[in-house]
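Report on one structure; see the data block that follows.
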Amino acid sequence: MTGLAGLVVGAGVVGLVWGLSGSGASTPKTFTLRGAMTLTNPTPLDYDHKACGGSDGFGDIRQGAGVTVYDAEGKILGTGALGPGRYASEDSTAPCVFAVKVPGVPEGSKFYQVEISHRGKVTVSSAEAKAGKFAASLG
C-alpha cells in the first residue's frame, strides 16, 4: 500500500512540474509586418476615382491580394492581404498605394522575403520589417 501511495504522489509531482513549466517549448515573439505596395499605373475602381487597383496584366493587384512572408530559409511564416488601393494624391493619374499587413510574423530571421500575389519575393531586413518599413512597387 505504501508503494502505491508513493507512486501516486510521485506521478502528481511530475504532473505539477509539467503543468507549471508548460510544454517545454517557448512561444516565439511575433510582430506585424506592415508597409506599402505601390502600383505605378493603376485603374480607377469607382466613379469618383478614389479607389484604385490593377487591370490588364496587373489585374491581380487589388484589395485582398495575398501577401506571404518567408524567412531567410524560404519557410512561410505568415500570410495576409493587401488593403484597399488609394491614390497617392488627388490626381487620378497618381500611383495607387495599398497597405500591407501580415500579423503574427515570428521574430528571429536575419531577413524576410515578402511576396504579393505571384509577383516574386522582395527582401527586407529584419529591422525594416519590424519597423513597418516594407515597400514594394510594380508597374
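Rolling a 1.4 Å probe across the protein heavy atoms gives region 41-139 an accessible surface of 54 Å² per residue. With a 1.4 Å probe rolled over the protein heavy atoms of all chains, the accessible area of 115, 90, 128, 73 falls in the order 90, 73, 128, 115, largest first.
On region 48-139, 50 percent of the accessible area sits on carbon and sulfur atoms, based on a 1.4 Å probe.
Just flag the trypsin sites (Lys or Arg not before Pro) in region 51-124 sitting in loop per DSSP whose Cβ has no more than 10 other Cβ atoms within 10 Å. Don't jump to the answer; show the numbers that get you there.
Working: sites: 62, 75, 86, 101, 110, 119, 121; in loops: 62, 75, 110, 119.
Those satisfying the criteria are 75, 110.
The values are calculated or read from the model by the stated rules, or taken from the named source; none is laboratory data. Keep in mind that what you see is a predicted model, and the values were worked out from it rather than measured. Using ideal geometry, Cβ is built from the backbone for each residue, glycine included, and neighbour counts are taken over all protein chains shown. Ligands, DNA and RNA are excluded from the accessible area calculation, which covers all protein heavy atoms including side chains. Shrake-Rupley method; radii C 1.70, N 1.55, O 1.52, S 1.80 Å.
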